[in-house]
Amino acid sequence: HTNDLPARVARHNSGQGAQHIVTHGVAQSVYSEAHVSESEAIARERQLKKWSRAKKAALIRGDVGRLHELSRRRD
């Protein structure tokens, strides 16, 4: 989470960000959300980190139908 997305991306790209970015290359923001509080932002970030790659891709594309399909409980 951040209050200044452009600054965070710049920090990552300068090598001061997460180790994954330092090792694998340039960061690019593909999706962001605004939240009223820091605690809400952190909770949402934790939720998204648990999602599958396919579910995250659907969110990024804005494919609500696919997102709902991937969100269905599988028994």
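The values are calculated or read from the model by the stated rules, or taken from the named source; none is laboratory data. Note that the coordinates shown come from a computational prediction; the quantities given were computed from them, not determined experimentally. Quick note on the areas: whole protein, heavy atoms, side chains included, nothing else; ligands and nucleic acids left out. Shrake-Rupley method; radii C 1.70, N 1.55, O 1.52, S 1.80 Å.
So the values come out like this:
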| quantity | calculated |
| --- | --- |
| Leading residue by the ranking (modelled with the highest pLDDT) among those in segment 1-24 that are among the aliphatic types (A, V, I, L, M) and assigned to a helix (DSSP H, G or I) | Ala7 |
| Where Gln28 falls short, out of the listed (1) modelled with pLDDT under 90; (2) open to solvent by less than 60 Å² (accessible area, probe 1.4 Å) | (2) |
| Total residues in segment 55-64, condition part of a helix (DSSP H, G or I) and either open to solvent by 50 Å² or more (accessible area, probe 1.4 Å) or of a type in the set (Asp, Glu) (or both) | 4 |
